[in-house]
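A.B. asks: First the structure, which I've put down as structure tokens, then a few questions once you've had a look.
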Amino acid sequence: MKRNAFKILSIGMVLLTSVLAGCNKLLQETPRAIFTPEYFKTTNGVMGGLTALYAHTRNLYGNLYYMSSCECGTDESTWGQSGGSGSSFYVNDFSVPGVTPVPTNSDASMVWGNTFPYINTASGVIENGTVAGVAASLIAEARFFRAFDYFELVQTFGGVPLDLGAGRLKFNTSAVRTSKRDSVSIVYTKAIFPDLVQAVNDLPTSPRVTGALTKNVARLYLAKAYLTYGWWLENPNNIPTYPDDATRVDPDGHNAQWYFQQAYTVALTAIQNPAPYSLQPTYYDVNVATNDRNSECMLYADHTQASELYNNSSLTYGSGGGQDNFAGWTQTWNYPSITSTSSASSWKSVNSVQRIATQPYGRPWVRNAPPIEVFTQTFADKTNDSRYDGTFTSVYRCNQAEAGITAQLYNANFLPIYEGSPVLTFLNDEPSSPIDYSNSTFKSSVGAGILPGRADFVISPSGISRVVYPGIWKLGPYRTDNGNGLGNPNAASTRPFVIAKFSEFYFIAAEAAVKGATTSAGYGARDLINVIRARAGKWKFSNANNTTYIADNSANMVAATPATITIEYILAERSREYYYEGYRWKDLVRTQRWAQVAAQYTICGTAIGDHKPVTFYRSGNIQPQYYLRPIPQGQLDGMEMSDSAKRMYQNPAYR
């Protein structure tokens, strides 16, 4: 069969999507190499297709390169030491004049290649499900995933083909090597909206098995799609689209305000009718690994440590590809290079913080890094707001017992440390006394400094660099088979990667309200945002202190909320709530504020011990035409079309 995204009949590799110890209702599977049209006309074929649709979420969600394409180049992330010159991380950052993505080096190509085959699978299920006598609720799951994939595509590339070779939204049964892109408005109004509306109507209120789709999952994406399309129709900053639709007229005759109102109404319906979903009591509860698959998590790309077959990933050594959940590696620095000493008077290096498969740590890749402004602006309030503590690993602790080190260890100022002692701390703020980064007696292997009387080395926010920075605690791994040792820290995470959270309904409704939607009493933009902020003020555990910490700062959080909520404020709150979860680039593109919000950032360099902040500028590089990603070169090469037709198929910035 010839290479082309539009000729794939259906997708093979059916994989289990939920394996939960103690659950008695699970998605089951029988591995199969490929689905044929004939197979889709059987009940087993349809059910196998549905299982593949759940499994395919792991191709993107949890993938490091997809994560970087959604984060690097925004205000949340820049390139790290190991993602420097020549890498896709460096290219996607837009902070180097003249260095921008091209069709051969954009990580967004993953979206193209990992959606169209499954769109075709979904169409096969939809077309053949009735023949097989499958319930409408199951067909609705396929409709959801077809809309889900098209929504991912249209946000990334603009208009994309609805006809994969057999007609618009038809299951393709022939090898086709030509393609025509539909406009953005057609993709939304003829594919995304109809499929999601039908999914809302036909899906059950509660999931048929753990992790399966429901009405409210479909409502979340319908509300988000309405919101995104409303922005596209309004186009306040005159961002170009493709294929050309200069008038941006909705085929159904609605204006942007109609869609903002729909987004608000759908989101509010879900908030008022939560069914099995709810906000967790604290932000810590949302993200702590021992509480995975909680009531706030509506959709996730699942993984398991129980079986390599069902995990579709090694349980001992991750390859950094395929369906590995390795997104957390990308912004994890090389913390195992931290050393202490086994002598109380001279420096005899011992690796006191070793690589371990626990949530604060995991496997380091150092591809991306957080700018200093993340700590001084986004997460400026680290006292009332629990979300900084619930997002980052800011204290690296001695794990000598797990590593089998029995010697007494000493650290900064030659003070003794023990199992669980802080070895390196990223300070919340600049200290009143200057940090001594140059002391030659106490040899911090990572360029950290000392403060009098402290056994831990320290780095302040202004000293955060592309090589040493707080890691992402909330994405860290979790295993129950570590025993008393370090476990398997080189394996990909076996945790589910959360795709959709119930909390986002509050943000969608608030954003729609700011855009002019008529609101219900008690559900204005400030009311909605304050639900999230009040929750953020509640603490039950301090990661920094590694101990139970009960505090309720909700009143302070609510009091600090501005009287008037703006889009800029919502974006800042979204960053605090969903930092480095893969939302940011799409949030900034939707609201047309990418160039504004990510205009510049500050960070120290790539050398150990570099604590001299440098400001980098993106504002001149993020031009309007870059709000669309390039069509992958492999797609263009695989089509039997004239060179001029291929050129016109590509988004204008990349021709």
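What follows draws every value from the coordinates through simple rules; no lab data is involved. The model shown is predicted, which means the values in this text are computed figures rather than measured ones. Every residue, glycine among them, receives a Cβ derived from its backbone with ideal geometry; neighbour counts consider all protein chains shown.
A.B. asks: From the list [x] 19; [y] 38; [z] 14, can you say which value of percent of Cα pairs over 44 Å apart was derived from the structure given?
C.D. replies: Label [x] holds the value from this structure.
A.B. asks: Here is a further query. Calculate, for S554 and N201, the FRET efficiency according to 1/(1 + (r/R0)^6) with r their C-beta to C-beta distance and R0 51 Å; round to the nearest 0.05.
C.D. replies: Numbers: r = 37 Å, r/R0 = 0.73.
The calculated FRET efficiency here is 0.85.
A.B. asks: For every other residue with a beta carbon closer than 14 angstrom to the beta carbon of S88, add +1 if it is Lys or Arg and -1 if Asp or Glu, then tell me the sum.
C.D. replies: On the way: positive: R367, R629; negative: E71, D93, D107.
The answer is -1.
A.B. asks: In addition: Quick one: angle between helix 567-578 and the longest Cα principal axis of the chain, in degrees between 0 and 90, rounded to 10, please.
C.D. replies: The helix 567-578 is inclined about 70 degrees to the chain.
A.B. asks: Same structure again: Roughly how far apart, in whole Å, are the Cα centres of segment 470-490 and segment 164-205?
C.D. replies: Answer, in whole Å: 41.
A.B. asks: Counting other beta carbons within 10 Å of each Cβ, put D643, D389 in order, fewest first. Can you show the working numbers first?
C.D. replies: On the way: D643 8, D389 23.
Listing D643, D389 from fewest to most nearby Cβ atoms yields D643, D389.
A.B. asks: Note down the relative contact order for segment 102-250 as a percent, whole number, built from C-alpha pairs under 8 angstrom at least six residues apart.
C.D. replies: Answer for segment 102-250 is 22 percent.
A.B. asks: Sticking with this structure for a sec: Over what distance in Å are the Cα centres of segment 246-297 and segment 211-239 separated?
C.D. replies: Going from one Cα centre to the other spans 9 Å.
A.B. asks: Give me the three principal axis extents of segment 327-475 from the C-alpha atoms, as integers in angstrom, largest value leading.
C.D. replies: Rounded to whole Å, the extents work out to 41, 36, 27 Å.
A.B. asks: If each of R454 and N490 carries a label point 7 Å out from its Cα toward its Cβ, how far apart are those two points in nm?
C.D. replies: Placing both labels 7 Å beyond Cα along the Cβ direction yields 3.4 nm.
A.B. asks: Another question, if that's okay. So how do F507, F541 line up by other beta-carbon neighbours within 10 Å, fewest first?
C.D. replies: On the way: F507 25, F541 17.
If I rank by nearby Cβ atoms, fewest first, I get F541, F507.
A.B. asks: Report the calculated FRET efficiency for Q596 and A407 (r = Cβ-Cβ distance, R0 = 51 Å), to the nearest 0.05.
C.D. replies: On the way: r = 53 Å, r/R0 = 1.05.
Computed FRET efficiency for Q596 and A407: 0.45.
A.B. asks: So what's the angle, to the nearest 10 degrees on a 0 to 90 scale, between helix 193-202 and the longest Cα principal axis of the chain?
C.D. replies: Helix 193-202 sits at roughly 90 degrees to that axis.
A.B. asks: For K224, which lysines qualify as cross-link partners when the Cα separation must be under 29 Å and same-chain residues fewer than eight apart are set aside?
C.D. replies: List returned: K170, K180, K190, K215, K474, K501, K515, K538, K586.
A.B. asks: Now for a separate question. Could you please rank L233, L196, placing first whichever residue has the fewest other Cβ atoms within 10 Å of its Cβ?
C.D. replies: Details: L233 21, L196 29.
Sorted ascending by nearby Cβ count, the order is L233, L196.
A.B. asks: Counting only residues 5 or more places away or on other chains, whose amide H sits under 5 Å from the amide H of V350 once H atoms are built in the peptide plane?
C.D. replies: Correct list: S340, T341, S342.
A.B. asks: Can you give the calculated 222 nm mean residue ellipticity of the chain, where each DSSP H run of n ≥ 4 adds -39,500 (n - 2.57) and the sum is split over every residue, rounded to the nearest 500 deg cm²/dmol?
C.D. replies: On the way: 22 runs with 199 residues, N = 655.
Counting only the DSSP helices, I get -8500 deg cm²/dmol.
A.B. asks: Do you know the relative contact order of segment 327-475, to the nearest whole percent, from alpha carbon pairs under 8 angstrom that are 6+ apart?
C.D. replies: Relative contact order of segment 327-475: 31 percent.
A.B. asks: What is the angle, in °, between the Cα long axis of helix 43-55 and the longest principal axis of the Cα atoms in the chain? Nearest 10 is fine, range 0 to 90.
C.D. replies: Approximately 40 degrees, to the nearest 10.
A.B. asks: Can you give the net charge of the other residues whose Cβ lies under 10 Å from the Cβ of E127, counting K and R as +1 and D and E as -1? Walk me through the numbers before you get to the answer.
C.D. replies: On the way: positive: K41, K170; negative: none.
Result for the neighbourhood of E127: +2.
A.B. asks: State, as an integer percentage, the relative contact order of the chain based on alpha-carbon contacts under 8 Å between residues 6 or more apart.
C.D. replies: Numbers: 1426 pairs, mean separation 121.9, N = 655.
Computed over the chain, the figure is 19 percent.
A.B. asks: Given the peptides 265-276, 544-555, 575-586, 313-324, arrange them by the average over their residues of other C-beta atoms within 10 Å, most packed first.
C.D. replies: Values: 265-276: 18.5, 544-555: 13.2, 575-586: 22.4, 313-324: 16.4.
So the peptides 265-276, 544-555, 575-586, 313-324, ranked by packing, come out 575-586, 265-276, 313-324, 544-555.
A.B. asks: Still on this structure, please answer the following. Compute the Cα gyration tensor for segment 127-242, then decide on rounded, prolate or oblate, letting a ≥ b ≥ c be the square roots of its eigenvalues: rounded whenever a/c is under 1.5, prolate when a/b is larger than b/c in the other cases, and oblate in all that remain.
C.D. replies: Verdict is oblate for segment 127-242.
A.B. asks: Related question: Would you kindly derive the ³J(HN,Hα) couplings of segment 85-94 from the backbone phi angles with the Karplus curve 6.51 cos²θ - 1.76 cosθ + 1.60 (θ = phi - 60°), listing them in order in whole Hz, with x for Gly and Pro?
C.D. replies: Listing the rounded values in order: 3, x, 8, 5, 5, 5, 5, 6, 7, 6 Hz.
A.B. asks: If I model a spin label at T480 and R177 as a point 7 Å from the Cα along the Cα→Cβ vector, what separation in nanometres do I get?
C.D. replies: Going by the 7 Å Cα→Cβ label model, 5.2 nm.
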